[in-house]
Amino acid sequence: DEWYTQQAFRALNQAVGRCIRHINDFGSIILIDERYHTKDKLKSHLSKWVRECLVEYPAFEHCIGSLRTFFSQGNDTPTDQDT
């Protein structure tokens, strides 16, 4: 079970890293799975830089305002205040 978890997060972290490759790149990675919201142990498997940028929302529709702001402003990190 732990081996599968490690392999899954290795692949996830690689995929997330492909979105951001250069200092001027910016993008949004949306993890739609309630386990990220309810189980802190799962978050510990994410890369440190991903954990530091993680913004949680109670439902997908709550993130739309932040995404709109994020992409209209360039690469400013979205916050909960944008919703």
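Table for the structure above
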{"read-out": "Debye equation applied to the C-alpha atoms of the chain, log10 I(q)/I(0) at 0.20 Å⁻¹", "value": "-1.02"}
{"read-out": "Linear extension gain, residue 59 paired with residue 18, 0.36 nm per residue minus alpha-carbon span", "value": "12.2 nm"}
{"read-out": "Whole-Hz ³J(HN,Hα) from phi, Karplus 6.51 cos²θ - 1.76 cosθ + 1.60, for the range 21-34, glycine and proline x", "value": "10, 10, 4, 8, 6, 8, x, 10, 10, 10, 9, 9, 7, 4"}
{"read-out": "Per residue accessible area of the range 18-68, 1.4 Å probe, in Å²", "value": "79"}
{"read-out": "Accessible heavy-atom area order of 18, 51, highest first, probe of 1.4 Å", "value": "18, 51"}
{"read-out": "Size of charge dipole - the chain - debye, nearest 20, with Cβ of Lys, Arg +1 and Asp, Glu -1, no other charges", "value": "320"}
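The values are calculated or read from the model by the stated rules, or taken from the named source; none is laboratory data. What you are looking at is a predicted structure, and each value in this text was computed from that prediction instead of being measured. Every residue, glycine among them, receives a Cβ derived from its backbone with ideal geometry; neighbour counts consider all protein chains shown. Each accessible area value is taken on the protein alone, full model and side chains, heavy atoms only, with ligands, DNA and RNA left out. Shrake-Rupley method; radii C 1.70, N 1.55, O 1.52, S 1.80 Å.
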